[in-house]
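Have a look at the structure below before the remarks.
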Amino acid sequence: MNRNASLNALAKVDQWDVVIIGGGASGLGAAVDAANRGFKTLLLEKHDFAKGTSSRSTKLVHGGVRYLQNGDISLVIEALKERGIMKKNAPHLVKDMSFVIPFYEWWNSPFYGLGLKVYDMMAGKMGLGPSTLLNKNETIELINNVKQDGLKGGVIYHDGQFDDSRMAITLALTADDLGATLINYTEVVALKKENELISGLEILDHESGKSIPINAKVVINATGVFSDEIVKMDQPNARPMIRPSQGVHLVLERAFLDGPHAIMIPHTSDGRVLFAVPWHDYVVVGTTDTPIEHTDIEPKALEEEVDFILSNASQYMTQKPKREDVKSVFAGLRPLAAQQGDTSQTKEVSRHHKVNVSTSGLISVLGGKWTTYRKMGEDTINTAIVVGGLEEKKCKTKKLKLHGYDDENASEYSLQEFGTDREKILSLGIPEDNKSLSGKFYISKNLILWSVKNEMAIHLEDLLARRVRCLFLDAKETLKIAPQVADIMAAALQEDERWVKRELDDFKRITQNYIL
């Protein structure tokens, strides 16, 4: 992907078949689908790809054990099917993760044993492995530092795990491979209409300050928690369609989860489940479900959310995490589709997605979850064909191998999520350029150069937060290496010292949200 080439493409196309606003899971999934069907596709992202919710998940590709518990059977079946497709199409990004549920009451045994067998059955041929009941000793053997006092046994089941923003960048690269045009840091400032129907939009390029008119047969609003902003551009008096909920995660050193298995804590003090999941040699613990009134591109964890996670996680770990043990804290906003007149808690609001069409033809994709991104894209583009009068073409993304497809996953470095691009990265410069700049996580000069030249990383935060996950793993360590990274980026982008200073100042300000 090359941003300048993408901007140049704007001048060459008189009218796009499909214009997608939003570069998160739903927007990128729709872009891949539209481009794969042969439509002239443009995706516009106000910030960076996956800047919002799509880089701030629990890193799970799952059917949703909790949704099964809530009786949302159709969502579980759909998500389990999509989990299998996602793993099949991107084995370099999605891997099997075993989860252990410890239980301290005897009645939990048949409940989870039977429930997870149903979960296995729903997955069918797409299953990742059978669930199994465990006795007390087997549970301790799998999770060495689980709280043993009162432990009766446990159950092990299988789900998927991935790196969310790496999946987002992979989808962007896949869409680019298929001929789509994608541009980050371009904001939609107005919708254009002819005869009260949407005919295009006006965009602002934040990097150059230029305003650019765009013509389109159909416009898709895939902006997640910010969907209502685009809806109100179309219909100022429209009711809110999104009910945002905040989820917070804490990142700890791997020692707090001694073993390869994740833990699912089935009963927290607010009735949710809590996960402790190995991720990039660290552990992600979360999440919360806090209804919020205002959406922010950089949401902040509330003190009570941090306390809630530490308190509940401590009950299941003999090594109890404290505030000073937290390496990074990140918050994300769930774009839950609002149910009119519904007063239930956000943890009870369905994670199903909706595709809405306004009277002027604006398509808005609402709700959903990462696991079902492909199905969301399929449903959205099926709708776009009808609304935009596009040529009828069937979706073919079920068997579409994503960019970098690689089912071997063998590498000397921590680059398996880059798939077949791995060797290209390693051969960019001299072998010395593959050495990590940090002892805490892997980030090299070659990886930085690759992200700038091929993945449209144009700001320091793009690289350290999303192309490589440094900020989400250890915020203080990331601040230490930021000057080195900024210098390497500046040379690649042909920027000066003023750019370096500005980037470092901006990054330091953002990083404060990730440090307790």
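Listed values, structure above:
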| item | result |
| --- | --- |
| Residue 447 being in contact with a Cys (Cβ under 7 Å, 6 or more places away or on another chain), part of a helix (DSSP H, G or I) and assigned by TED's automatic domain parsing to the domain that holds residue 487 | no |
| Meets criteria (under 28 Å from residue 175 (Cβ atoms), part of a helix (DSSP H, G or I) and basic (Lys, Arg)) for residue 476 | no |
| Verdict on residue 306 being more than 20 Å from residue 466 (Cβ to Cβ), assigned to a helix (DSSP H, G or I), among the β-branched types (Val, Ile, Thr) and in the same structural domain as residue 253 (by TED's automatic domain parsing) | yes |
| Candidate set: the stretch 427-473, residues that are at pLDDT 95 or above and β-branched (Val, Ile, Thr); chosen: the one nearest to residue 278 (Cα to Cα) | 468 |
| Lone qualifier among 172, 216 - being at pLDDT 95 or above and farther than 19 Å from residue 383 by Cβ | 172 |
| Residues that are crowded, with 18+ Cβ neighbours inside 10 Å, among the charged types (D, E, K, R) and out of contact with any Leu (no Cβ under 7 Å at 6 or more places or on another chain), drawn from the stretch 141-169 | 164 |
| Test: residue in the stretch 113-130 that is buried (at least 16 other Cβ atoms within 10 Å of the Cβ) and modelled with pLDDT of 90 or more | no |
| Subset tally (residues that are under 11 Å from residue 393 (Cα atoms) and of a type in the set (A, V, I, L, M, F, W, C)) for the stretch 36-52 | 1 |
| Residue that is farthest from residue 97 (Cα to Cα) [pool: residues in the stretch 267-293 that are under 16 Å from the mean Cα position of the chain (by Cα) and assigned to a loop (DSSP other than H, G, I, E, B)] | 287 |
| Check on residue 344, at pLDDT below 95, surrounded by fewer than 19 Cβ atoms within 10 Å (Cβ to Cβ) and more than 19 Å from the chain's Cα centre (by Cα) | yes |
| Selection within the stretch 117-141 - within 28 Å of the chain's Cα centre (by Cα) and among the aliphatic types (A, V, I, L, M) | 118, 121, 122, 123, 126, 128 |
| The lone exception for residue 4 - which of (1) part of a helix (DSSP H, G or I); (2) in contact (Cβ under 8 Å) with a residue 24 or more places away in the chain; (3) among the polar types (S, T, N, Q) it fails | (2) |
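The values are calculated or read from the model by the stated rules, or taken from the named source; none is laboratory data. All values derive from a computational prediction rather than experimental measurement. All Cβ positions, even for glycine, are placed from backbone atoms using ideal geometry, and neighbour counts span all protein chains on display.
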